[in-house]
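S.K.: Take this structure, written in structure tokens, and hold onto it; I'll ask about it next.
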Amino acid sequence: MKLTKERLKTFDILLIIGMLISLFLVYEHFSPSASKFCTFGDSFNCGIVNKSPYANLDGIFYLLTLDFGIPLPASLMTISDANVFFDLITSNAFLGFLTLLFLLFLAKANYKNQKFWFIEKNKTLKWLKGITLFGVIYGFYLFLIQHFILKTYCIFCIALDIVLITLLILVWATKK
């Protein structure tokens, strides 16, 4: 089944909000100093979260090797340190932006009952469900990093998590 016109509008608005938040987080990640805009004491500090090693995909290797003591090759932890390009393409915020952009096009294809890229038109809803579910699970992982390891939160990251959870509810409430 496809998204209804009303649901698609809500989905589009949420995706655009999520993409704007992601772009701000990319800016925050690459800015030379942490923004005072989203720093509210020790408990809420976007700078600490976005400049931590966990703000990139290689943060997973950092977590496994340094925090959990699993012996992995050290070269896996330094991928984003190689240069700015790799730092960009491995940053969670940028990958989140790309994922939300992909979801936007996928939702449009679902509404128009069209094939999107390599995804058949009768599979777009399954892909929407799967990607949003993965996004919420990965967002939860990042929330746990904030809570247990960094011990501070990023308000924009939490806002993005709320957008993802709302998208998940919307897409999973769409009847097959």
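The values are calculated or read from the model by the stated rules, or taken from the named source; none is laboratory data. All figures in this text were calculated on a predicted structure; none of them were measured in a lab. Heads up, the Cβs are rebuilt from the backbone with ideal geometry, glycines too, and the neighbour counts pull from every protein chain shown.
S.K.: Starting from segment 25-38, take each residue that is in the same structural domain as Asp161 (by TED's automatic domain parsing) and modelled with pLDDT of 85 or more and list its partners that are in a loop (DSSP other than H, G, I, E, B) and surrounded by fewer than 20 Cβ atoms within 10 Å (Cβ to Cβ), counting only C-beta distances under 8 angstrom and pairs at least six apart or across chains.
M.R.: Glu28/Ala34; Glu28/Ser35; His29/Lys51
S.K.: What residue, among those in segment 107-124 that are touching a helix residue (DSSP H, G or I) at 6+ places or on another chain (Cβ under 6 Å) and either within 24 Å of Leu23 (Cα to Cα) or of a type in the set (A, V, I, L, M) (or both), is surrounded by the fewest Cβ atoms within 10 Å (Cβ to Cβ)?
M.R.: Only one residue fits best here, namely Ile119.
S.K.: Pick from segment 136-176 the residues that are more than 16 Å from the chain's Cα centre (by Cα) and hydroxyl-bearing (Ser, Thr, Tyr): which of them is farthest from Phe24 (Cα to Cα)?
M.R.: Among them, the one singled out is Thr174.
S.K.: On to the next question. Tally time: how many residues in segment 39-62 are crowded, with 20+ Cβ neighbours inside 10 Å, in contact (Cβ under 8 Å) with a residue 24 or more places away in the chain and part of a helix (DSSP H, G or I)?
M.R.: Residues meeting the conditions: 6.
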